[in-house]
Amino acid sequence: MPSMKEPSPEAVANVTEENVETRSQLLPEEKAVEGDLDPAQGDLDPKVQAAVILAESEERTIHADPDDAQGGHRQSSDTADLP
């Protein structure tokens, strides 16, 4: 689920044109759902979508939320029952 806050400039700077180009190519499963997108007909530009997705991902990597189950790096001792 995408966040509602804007990615930091640092996160946006980490997104490369090559990453955007690669991510903007739809997988067969995505094409089956989305079809062929055409920005000229009002569809969202796949490169814009890719850039947003990658920037949000970078933001979660750079500024991980320790309270988020996927954002924190925990030790096994943090969750294991100690004797």
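Find how much the distance from residue 33 to residue 63 grows on full extension, using 0.36 nm per residue of separation minus their present alpha carbon separation; answer in nm with one decimal.
That works out to 7.6 nm of additional length.
Summing +1 for each Lys or Arg and -1 for each Asp or Glu, what net charge is found among the other residues whose Cβ lies under 12 Å from the Cβ of residue 62?
Counting the neighbours of residue 62, the net charge comes to -4.
Any read-out appearing in this document is the output of simple, stated calculations on the displayed coordinates, not a laboratory observation. These numbers come from a predicted model, not from an experiment. Ideal geometry is used to build each Cβ from the backbone, glycine not excepted, and the neighbour counts take in all protein chains shown.
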